[in-house]
Amino acid sequence: MDHFPLSWGRPRNDAVDAYGTFPIQQRPNHGQDTFSSGIQHTQQPIVTGTSVLAIKFKDGIMMAADNLASYGSLARFRDIKRLHAVGEHTVIGAGGDMGDFQYIQSIMDELMIDEFAAQDGHALGPAEVHNYLSELMYARRSKMDPLWNAILVGGFKDGQRFLAFVDLLGTTYSASTLATGYGAHIAQPLLRRAVEGREDTLDAAEAEKIIEQSMQVLFYRDARSLDKYQIATITAEGVKISESRKLETSWSFAEGIRGYGAQTQ
Amino acid sequence: MQHVAVPHAQPQQRQFNPYSENGGTILAIAGANFSVIAGDTRQSEGYSIQTRYAPKVFRLTDKAVLATNGFAADGNMFVKKVRQRLEWYRHAHAKDMPLRAIARLIQTMLYARRFFPYYVYNILGGIEEDGSGAVYSFDPVGSYEREACRAAGAASSLVQPFLDNQIYFKNQTPAPGTTHPAHLPLSHVLSLVIDSFTSATERHIEVGDGLEIYVVLAKGSALQGLDAIQGLSELTTTDDGERMFVIRRNLKRD
Amino acid sequence: MSIMDQNGGSVIAMVGKDCVAIASDLRLGNQALGVSSNFQKIFPVTDRIYLGLPGLATDVTTLKERFRFRVNMYTIKEEREIEPETFAHLVSSTLYEHRFGPYFCEPVMAGLSKTPSGGYKPFIAATDLIGCLNFAKDFVVAGTASEKLFGVAEGLWEPDLEPEDLFETISQTLMNAVDRDAYSGWGCVVHVLTKDKVITRTLKGRMD
């Protein structure tokens, strides 16, 4: 918005001084549309979360994300919740812009209230939540105003496990192991090796161990990660999101690596 | 004093790219009284495999199958919208839309987005009202034609010339006094489809994991040896119309 | 537009049973404009080695002469004919000498190498424009239609083809691939190398 009344309604071509107001007043943001600053079509993620991991196991879905929200390379917020329950059967976990994710949380909360208020005996399950999110994300990307996130949707309803992905482009897919961000490159191969073909035999303790080891590897290698994280478990019993927990890490091996420890030569 | 208009230096803004490419390949071949529509099931972005099973071939009606390839989000949304239009047609006319009408519908829907296109190559296969097998292929903005065969997607340049040779008999001279067949038998077509995908899997990194082959048989036609194929399941919903089958096979996962 | 696609053209080589084949198109173009339908891209190096040079036409000519010179020098110094394996490494090192200002050619070689027992063993190889060698057991391709050649060859080729069958396979592969490539075509030439003769045939192709 151009706040200078003198420049309102004046000829676009400043070479013409129809009103004889010499010297010609210089308009700010010359050459730009007056209202262009009022519409922001595109953006970039500002406060960001890193990887989210999720796997299928015998009784349902297990998902994990750390508690860090970074501001560039600054570890800005160290107690952010990136796993969010949607109703009784679903958890969503997000990487990317945390502002956009919290906006999505508020939309999902409102949606669940509306659905509850209908009192029609139906509850939205993970498949419906994922479909809703995919249409939301796709609609926003089509407006060239995306919600800058990669989201995992995990759930359990009517004896069925559900695990799927949706991102800022509206791209969706499903698999027995999923990971976003760096996790897709670092943790996904580990998860696939541990889980593929054993989805129906892994118990909760084994699943938790797999998730924990993968989070550990991510913490060692992903510079935007934190050793404080949460695990969500979604089974027939419903949703359980754990308290924040610490990763067991050991750095003693660094002594032996040239360039890491305190070497004398 | 001179007054010169100096444009303000604007901060550089990285433009958001609303498109992506998700790899994979699709292929369709029309026979005299059948149509075969196939696609691999790998979905990838760059060098990462997102999933080993994401269908690209979709049943639209009892006699129409649509395969989509390119940007997966656009593809899925496009199929969703086509299905919605077909349902409205059913409610209005109490019958399924004929194949050639679906083809024209798809061209209209694609061209409607001429200036923000669905980044998708479509191939429509099925049975025409006259009982003949048909394949229609489209570009992202709706140019389309009816053909006997078409490959699209990541490995289309590997597969299409092979099909020219094996389906259209290009560069082959028939023995004196004979002609090349206009349509191939179903079993032969299925072998060519499987060979095409194993070849594409071998030489293209974005193709592999799984293969889904849809077969639509015209009303009243025989199984033509289809029942002997491994991994076959029937999707037919009525017992007096076209029959539809799907064959699921594994492809190499590396 | 890549400089590798300036003049167009494609080459393929295949292994058969006690024989090898190498084939190319005959087009020379200036981008989309066809200039010649008789441009040679395959050159005999010895009686049992043929070299295909798809790529920038000026470098095709230069490299052909360069390899002729270096093979002659080898023959004079060693007082024997060069073997295909040795020639492949000569090609590779010649190209790598120009690592940071390369010749824009991707050579394809086909030959029959002598075995200790006095027989001949099929040999094919290809390199990229800086000399990275690829010794394949089945077939090698290069040029503007290389993707198409890969696709068709992967579908048509099979092991232990007799010379006449190998001729048909390589011809069909090349013709159908170049017919889908705007920068290749305008006729083809095929050489089949066997232990006692070289069969060379020129094929009529589409002229569009």
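The values are calculated or read from the model by the stated rules, or taken from the named source; none is laboratory data. Everything numeric in this text was worked out from a predicted model, so none of it was measured. With ideal geometry, Cβ positions are generated from the backbone for all residues, glycine too; neighbour counts draw on all protein chains shown. Surface areas here come from the heavy atoms of the whole protein model, side chains and all, with no ligands, DNA or RNA. Shrake-Rupley method; radii C 1.70, N 1.55, O 1.52, S 1.80 Å.
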Probe 1.4 Å, all chains present, heavy atoms only: C:Trp157 accessible area in Å², nearest 10, is 60
Kindly identify chain C as rounded, prolate or oblate by the Cα gyration tensor criterion: order the square roots of the eigenvalues as a ≥ b ≥ c, call it rounded if a/c is under 1.5, otherwise compare a/b with b/c, prolate if a/b is larger, else oblate. oblate
Go through the range A:235-241 residue by residue and turn each phi into a ³J(HN,Hα) via Karplus (6.51, -1.76, 1.60, θ = phi - 60°); whole Hz please, and just put x for glycine and proline. 9, 4, 6, x, 9, 10, 10
At q = 0.13 Å⁻¹, what is the log10 ratio I(q)/I(0) for the range A:136-242, with the Debye formula run over Cα points and no solvent? -0.56
Using the Karplus curve 6.51 cos²θ - 1.76 cosθ + 1.60 with θ = phi - 60°, work out ³J(HN,Hα) for each residue of the range C:108-114 in order, rounded to whole Hz, and write x for Gly and Pro. 10, 10, 9, x, 10, 9, 5
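Return the loop-located trypsin sites (Lys or Arg not before Pro) in the range B:174-254 (DSSP other than H, G, I, E, B) with at most 16 other Cβ atoms within 10 Å of their own Cβ; answer none if there are none.
Numbers: sites: B:Arg203, B:Lys219, B:Arg243, B:Arg248, B:Arg249, B:Lys252, B:Arg253; in loops: B:Lys219, B:Lys252, B:Arg253.
Counting only loop positions with at most 16 other Cβ atoms within 10 Å, the trypsin sites (Lys or Arg not before Pro) in the range B:174-254 are B:Lys219, B:Lys252, B:Arg253.
At 0.36 nm per residue, minus the direct Cα-Cα distance, what do A:Gln160 and A:Glu206 gain on full extension? Give it in nm, one decimal, please. Write down the numbers at each step before the final one.
Numbers: separation 46, 0.36 × 46 = 16.56 nm, distance 2.00 nm.
Length gained between A:Gln160 and A:Glu206: 14.6 nm.
What value, in deg cm²/dmol to 500, does the helix sum -39500 (n - 2.57) over DSSP H runs of n ≥ 4 give at 222 nm once divided by the residues of the protein assembly as shown?
On the way: 12 runs with 197 residues, N = 727.
Rounded to the nearest 500, the figure is -9000 deg cm²/dmol.
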Extension gain from B:His93 to B:Glu129, taking 0.36 nm per residue of separation minus the Cα-Cα distance: 11.4 nm
Run the reach check for A:Lys246 against lysines, Cα to Cα strictly under 22 Å, same-chain hits fewer than 8 apart removed. What comes back? A:Lys81, A:Lys209, A:Lys228
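If you average the sequence gap of Cα pairs under 8 Å that are 6 or more apart and divide by the length of the range C:160-208, what percent do you get for the contact order?
32
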If exposed means GluC sites (Glu not before Pro) lying in a DSSP loop and surrounded by at most 16 other beta carbons within 10 Å, then the longest stretch of chain C lacking such sites spans residues C:98-208
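So which chymotrypsin sites (Phe, Trp or Tyr not before Pro) in the range C:80-132 are both in a DSSP loop and have at most 11 other Cβ atoms within 10 Å of their Cβ? Numbers along the way, then the final one.
Numbers: sites: C:Phe87, C:Tyr96, C:Phe100, C:Tyr103, C:Phe104, C:Tyr120, C:Phe123; in loops: C:Phe100, C:Tyr103, C:Phe104.
Sites meeting the loop and neighbour criteria: C:Phe100.
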Starting from 0.36 nm per residue, how many nanometres of slack lie between A:Ala123 and A:His185 once their C-alpha separation is accounted for? 18.8 nm
Set the Förster radius R0 to 30 Å, insert the Cβ-Cβ distance between C:Glu168 and C:Ser36 as r into 1/(1 + (r/R0)^6), and round the FRET efficiency to 0.05. 0.65
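What accessible area per residue, rounded to a whole number of Å², is obtained for the protein assembly as shown using a probe radius of 1.4 Å?
Details: 35270 Å² over 727 residues.
Accessible surface, normalised per residue, equals 49 Å².
Which whole-number percent is the relative contact order of chain C (Cα, under 8 Å, 6+ apart)? Can you show the working numbers first?
Working: 489 pairs, mean separation 62.0, N = 208.
Worked out over chain C, it gives 30 percent.
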Would you calculate the convex hull of the Cα atoms in chain B and tell me its volume per residue in Å³? 193
Measuring from label point to label point, each 7 Å out along Cα→Cβ, what is the A:Ser73 to C:Lys137 span in nm? 5.0
At what distance in angstrom do the alpha carbon centres of the range A:130-187 and the range C:1-60 lie from each other? 49
3J(HN,Hα) from dihedral phi, the range B:36-45, Karplus parametrisation 6.51/-1.76/1.60, rounded to Hz, x for glycine, proline: 10, 10, 9, x, 7, 10, 7, 10, 9, 9
Coil-residue trypsin sites (Lys or Arg not before Pro) of the range A:135-180, DSSP, other Cβ within 10 Å capped at 10: A:Lys143
Tell me which lysines have Cα within less than 21 Å of B:Lys80's Cα, excluding those fewer than 8 residues away on the same chain? A:Lys143, B:Lys56, B:Lys63, B:Lys95
Modelled label reach - B:Thr236, point 7 Å along Cα→Cβ, the range B:20-64 residues with backbone N closer than 12 Å: none
Output the 0 to 90 degree angle, nearest 10, between the alpha-carbon long axis of helix B:72-93 and the longest principal axis computed from the alpha carbons of chain B. 60
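Return the tail of the calculated pair distribution for the protein assembly as shown, meaning the percent of Cα-Cα pairs more than 37 Å apart.
Numbers: 147856 of 263901 pairs.
The calculated P(r) of the protein assembly as shown puts 56 percent of pairs beyond 37 Å.
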Express in whole angstrom the spacing between the alpha-carbon centres of the range C:168-208 and the range C:127-147. 17
In Å and on Cα atoms, what radius of gyration and Dmax does the range A:74-207 show? 15.6, 47
Straight-distance crosslink candidates among aspartates and glutamates, where the alpha carbon sits under 15 Å from C:Lys41 and sequence neighbours closer than 8 are dropped: C:Asp5, C:Asp25, C:Asp59, C:Glu65, C:Glu106
